[in-house]
C-alpha cells in the first residue's frame with residue numbers, strides 16, 4: 001500500500017446537507033438535469049491533537065445569510081436541502097463528540113458549502129491557505145455571491161483563531177509524485193496538505209492514512225469520482241465560476257495521475273455521493 005502520511009489517524013466521512021445543480025456543468029457529457037451534490041466533511045481523530053474537521057458542510061446559518069438580495073441569488077441558482085440535524089455539530093454530538101472537542105478545522109477553501117458550520121465550533125483553530133482568504137476577504141457584495149462566499153459565515157474572532165498552512169513545515173513527498181510540494185500540517189506526517197487551486201484560489205486537499213488505507217480528501221478538485229476515473233473535465237461553462245481555469249486543468253491532471261499511478265489511495269471529492277457513501281461506513285471516531 002502506498003502511504004503518504006506517517007502517523008495513522010481515525011477518519012469518518014459525513015454529509016451536511018446537499019445542493020442540486022445541472023450535471024452537465026460538472027462533468028463533460030453529463031445529463032441536462034439537476035442532480036444531488038452532497039456537502040461532505042470529514043472528522044479526523046488524531047492520536048495527539050484529538051478531533052479535527054476538514055470543512056463543515058452546510059448549516060442553518062447558510063439560510064440566514066441568504067435571506068436577502070443579492071445573497072438570495074446564491075440559493076436560487078443552487079437550491080440547498082438541509083435539516084437541522086444535518087449539521088456537522090449535530091451529527092458529531094449524536095456520536096458523543098461535542099463542539100468543544102473539535103481542536104482544529106482545516107478549510108479547503110472559502111465557498112459557503114464548506115464553511116457554513118464554522119460558527120458551531122467556537123473552540124477550534126482554523127487552518128487555511130492565505131491565498132484562499134485573500135481572494136475573497138475584500139470582495140463587494142455581488143462579487144462575493146459570484147465567488148460563493150458569504151462573509152457572515154465566518155466567526156467574529158476568525159482572525160484570532162486563524163493559522164496559515166504556509167507556516168507549517170514542508171512535507172517530503174515521494175520522488176515523481178504528482179504533487180511536488182506538501183505541507184505537514186501538524187509536523188508529524190499525519191496530515192499532508194497539497195495545493196489544488198483552480199476551482200477556488202488557494203484550495204487545498206489533504207492526504208492522510210488510517211490503519212486500513214490511505215486517503216486523499218481532494219475537496220472540489222472534481223465534483224465526482226467519475227471525473228478522474230474517466231478523465232472528464234467540467235463543461236466549459238463551469239469556468240465562469242472558477243478562480244482560474246488553467247490552474248484547474250493542472251490540478252485535474254494531477255488528480256488523474258494520482259488515480260492512475262497510486263490506485264490504492266482512496267480519493268474523496270467533497271461532493272461525490274459515490275465516494276462519500278462508499279467510504280463513510282468504514283471509518284470510526
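Residues in segment 139-163 that are at pLDDT 95 or above, surrounded by fewer than 18 Cβ atoms within 10 Å (Cβ to Cβ) and assigned to a loop (DSSP other than H, G, I, E, B): 155, 156, 157.
Listed conditions (1) in contact with a helix residue (DSSP H, G or I) (Cβ under 8 Å, 6 or more places away or on another chain); (2) crowded, with 17+ Cβ neighbours inside 10 Å; (3) more than 21 Å from residue 222 (Cα to Cα) are all met by residue 50, apart from (2). Can you confirm whether segment 99-122 contains a residue that is out of contact with any helix residue (DSSP H, G or I) (no Cβ under 6 Å at 6 or more places or on another chain), farther than 28 Å from residue 165 by Cα, surrounded by fewer than 22 Cβ atoms within 10 Å (Cβ to Cβ) and at pLDDT 95 or above? No.
Being modelled with pLDDT of 95 or more, touching a helix residue (DSSP H, G or I) at 6+ places or on another chain (Cβ under 6 Å), surrounded by 18 or more Cβ atoms within 10 Å (Cβ to Cβ) and over 18 Å from residue 61 (Cβ atoms): is that true of residue 135 here?
When the stated conditions are applied, residue 135 does not pass them.
For residue 60, the conditions (1) within 23 Å of residue 216 (Cβ to Cβ); (2) surrounded by 14 or more Cβ atoms within 10 Å (Cβ to Cβ); (3) out of contact with any strand residue (DSSP E or B) (no Cβ under 9 Å at 6 or more places or on another chain) all hold with the exception of (1).
Could you list, in sequence order, the residues of segment 131-175 that are in contact with a strand residue (DSSP E or B) (Cβ under 8 Å, 6 or more places away or on another chain) and free of Cβ contacts under 8 Å to residues at least 12 places away in the same chain? Passing the criteria: only 172.
Rundown of residues vs (1) in contact with a helix residue (DSSP H, G or I) (Cβ under 7 Å, 6 or more places away or on another chain); (2) surrounded by 21 or more Cβ atoms within 10 Å (Cβ to Cβ); (3) farther than 20 Å from residue 110 by Cβ, yes/no style:
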| site | (1), (2), (3) |
| --- | --- |
| 186 | no, no, yes |
| 207 | no, yes, yes |
| 211 | no, no, yes |
| 230 | no, no, yes |
| 243 | no, no, no |
| 251 | no, yes, no |
| 257 | no, no, yes |
| 269 | yes, yes, no |
| 275 | yes, yes, yes |
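Within segment 93-130, the residues that satisfy the criterion of being in contact (Cβ under 8 Å) with a residue 60 or more places away in the chain and either over 16 Å from the mean Cα position of the chain (by Cα) or assigned to a helix (DSSP H, G or I) (or both) are 95, 97, 113, 114, 115, 118, 119, 120, 121, 124, 130.
Taking the criterion of being assigned to a loop (DSSP other than H, G, I, E, B) and over 13 Å from residue 5 (Cβ atoms), the residues of segment 164-176 that qualify are 168, 169, 175, 176.
The values are calculated or read from the model by the stated rules, or taken from the named source; none is laboratory data. What you see is a predicted model, and the numbers here were worked out from it, not measured in a lab. We place every Cβ from the backbone using ideal geometry, glycine too, and count neighbours over all the protein chains shown.
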